[in-house]
Amino acid sequence: MCGILAVLGCSDPSRAKRVRVLELSRRLKHRGPDWSGLHQHGDCFLAHQRLAIVDPASGDQPLFNEDKSVIVTVNGEIYNHEEIRKKLSHHTFRTGSDCDVIAHLYEEYGEDFVDMLDGIFSFVLLDTRDNSYIVARDAIGVTSLYIGWGLDGSVWISSEMKGLNDDCEHFECFPPGHLYSSKDGGFRRWYNPPWYSEAIPSAPYDPLALRQAFEKAVIKRLMTDVPFGVLLSGGLDSSLVASITSRYLATTKAAEQWGSKLHSFCVGLEGSPDLKAGKEVADYLGTVHHEFTFTVQDGIDAIEDVIYHVETYDVTSIRASTPMFLMSRKIKSLGVKWVISGEGSDEIFGGYLYFHKAPNKEEFHQETCRKIKALHQYDCQRANKSTFAWGLEARVPFLDKEFINVAMNIDPENKMIKKDEGRIEKYILRKAFDDEENPYLPKHILYRQKEQFSDGVGYSWIDGLKAHAAKHVTDRMMLNASNIYPHNTPNTKEGYYYRMIFERFFPQNSARLTVPGGPTVACSTAKAVEWDASWSKNLDPSGRAALGVHDSAYENQNNVVNKPVEFEKIIPLEAASVKVAIQG
């Protein structure tokens, strides 16, 4: 994938404007360090920063149709591009890039081809024959995308907010699953799956069908011409992804180029739950495992960079993005260009610990729908931007369109958590891969309790962040928080601290409106907070805030959430360098 920037219909197509577009495009160079491209047609500019993964030799962008009348700049991976090429055999393709099919599909089907793409993408397509254009974003919003409007009537598109925030009068997140057409002058949703209406499904649970759908989602993502690996925290989701990849890698084209030995990566504080579980799974699967350790101070030192790259002040996202940001830098230094990750499973299967309190299957299902629809503002944004900060791509098979349709069509009664029946969170996913004859994972890993990424890297990580924020945000500052930040007013010192940093980088009102808000407990939506009266008094996105559910809940730690933390006991006085233990 890559970074894209487009300025469409500007009033000043001069040389000076081209220089400005190039300058702004360079703000996205971390997303695509391999090559840069810019094409101007009249008053439209299409820029591209490339991370070369498929056809690195000839797939530079922008891309064109045969006579160059259709121009496309794309950030994405199109997994069914070979099938599409066969259907369009009468077309001549200029490159072997998977994204080359987009211009030709447009020639055949006009604006109604987007749902034919199986993959993740954000693209701008300019038809020079009538100077019209379309912009589209993938179904769930795995790729990041923003749209803005200039005072001169121009429309701006950028993979990240920093590419357009200084030049637009107003900008916002481009909604996932939507298309913007210059002919219509507005958005329309191209992604319309059955679950989107939040109607309660009734299909029976078929463990084999669920297993096969997910295996297919993982295998199709092994499309590559460059080295890759898998993120392995030792939790259920990443472990299943690693297990399936390891099991089927030898049968893929990727193995012919790079061998059948899978590399896995894990990050955490020294002695953290994820490091221990990740190594155990890696040993079981026989991967070449790489462990990266960091200190709380290392993470704190990276917070400003994380907020700049991830473009949020959301507490959950920053807590989880920082370890991922540090790990991505180390992974890239090893020559790896993309990784497979486990985001999306908790939203689809109700894996967060607060789902234990779902009152019935209707509310359970509706909450999963709300969570999936919001993924582009949370886990997708974190996974995309914290990895792309270092030119590393993350692929997420749980968010495969076909797999989501299968999983979200199951009667949610099967997803309900019922401890008295031995059904823990994500039970139907665990059961689907509980194969006695040919095990995917050890039993205790397959049935390990959910740990949110920011918890699993080490519980003192979050406690240390809170203590650090308390050193920089006073009680007096908190008293005036609603006056300083009337929108999404921070209600904790940690949230206030992140907000101060965010506003320095992105001071525009449009910027602060791109970040979601509202009460949450253990990553719930505001609606789900109503499931338990005690949660409203303990609002924190950590899984340990799910009182009465998490084995290490705050209530089991002498109410540590409400106690002042002695900062010096958590963070060393000197900033330590990132410790790296590479095994294998």
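The values are calculated or read from the model by the stated rules, or taken from the named source; none is laboratory data. Computed from a prediction, not measured in an experiment: that's the story for all the values here. Note that we place each Cβ from the backbone using ideal geometry, even for glycine, and neighbour counts take in every protein chain shown. Only protein heavy atoms, including side chains, enter the accessible area calculation; ligands, DNA and RNA are left aside. Shrake-Rupley method; radii C 1.70, N 1.55, O 1.52, S 1.80 Å.
Quick notes on this one:
- When the C-alpha to C-alpha distance is required to be over 19 Å, the pairs from Lys357/Lys527; Lys357/Lys415; Lys385/Lys527; Lys361/Lys419; Lys330/Lys385; Lys17/Lys162 that qualify are Lys385/Lys527.
- Among the protein heavy atoms of the range 149-214, carbon and sulfur supply 51% of the accessible surface, probe 1.4 Å, non-protein parts ignored.
- Relative packing of 531-538, 219-226, 55-62, which averages over residues the other C-beta atoms within 10 Å, highest first: 219-226, 55-62, 531-538
- Partner lysines whose Cα lies under 18 Å from the Cα of Lys401, excluding those fewer than 8 positions away in the same chain, are identified as Lys216, Lys220, Lys371, Lys373.
- Rounded to whole numbers, the Karplus 3J(HN,Hα) couplings from phi for the range 432-446 are 4, 10, 8, 9, 5, 6, 9, x, 7, 8, x, 4, 6, 7, 4 Hz, using 6.51 cos²θ - 1.76 cosθ + 1.60 with θ = phi - 60°, and x at Gly and Pro.
- Residue order by solvent-accessible surface for Leu513, Leu22, Leu126 is Leu513, Leu22, Leu126, largest first, with ligands and nucleic acids left out and a 1.4 Å probe.
- Helix-derived mean residue ellipticity, 222 nm - over the chain, DSSP H n ≥ 4, -39500 (n - 2.57), to 500: -10000 deg cm²/dmol
- Protection proxy ranking, highest mean first, for peptides 189-200, 127-138, 98-109, 338-349: 338-349, 98-109, 127-138, 189-200, where packing is the per-residue count of other beta-carbon atoms within 10 Å, averaged.
- Note on Leu539: accessible area approximately 60 square angstrom, rounded to 10, probe 1.4 Å, nucleic acids and ligands left out.
- Each of His170 and Lys183 was given a label point 7 Å from its Cα along the Cα-to-Cβ line. The distance between the two points is 2.6 nm.
- Residue order for Leu151, Leu392, Leu38 - accessible surface, 1.4 angstrom probe, largest first: Leu151, Leu38, Leu392
- Scanning residues 5 or more positions from Asn80 or on other chains, those with amide H under 5 Å from its amide H are Asp118, with H placed 1.01 Å from N in the peptide plane.
- Length gained on full extension, Glu304 to Arg129, computed as 0.36 nm times the residue gap minus the Cα-Cα distance: 58.5 nm.
- Prolate/oblate/rounded call for the range 1-131, Cα gyration tensor, a/c under 1.5 rounded: oblate
- Gain on full stretching of the segment that runs from Asp283 to Lys261 - 0.36 nm per residue minus C-alpha separation: 6.6 nm
- Computed over protein heavy atoms with a 1.4 Å probe, the accessible surface of the chain works out to 37 Å² per residue.
- For Leu513 and Glu413, a Förster radius of 30 Å and the Cβ-Cβ distance give a FRET efficiency of 0.20, rounded to the nearest 0.05.
- If R0 is taken as 60 Å, the Cβ-Cβ distance between Ala57 and Arg370 corresponds to a FRET efficiency of 0.85.
- Shape of the range 58-98, Cα gyration tensor, a/c cut at 1.5: oblate
- Cα-based shape type of the range 386-429, given that a ≥ b ≥ c are square roots of the gyration tensor eigenvalues and the cut on a/c is 1.5: oblate
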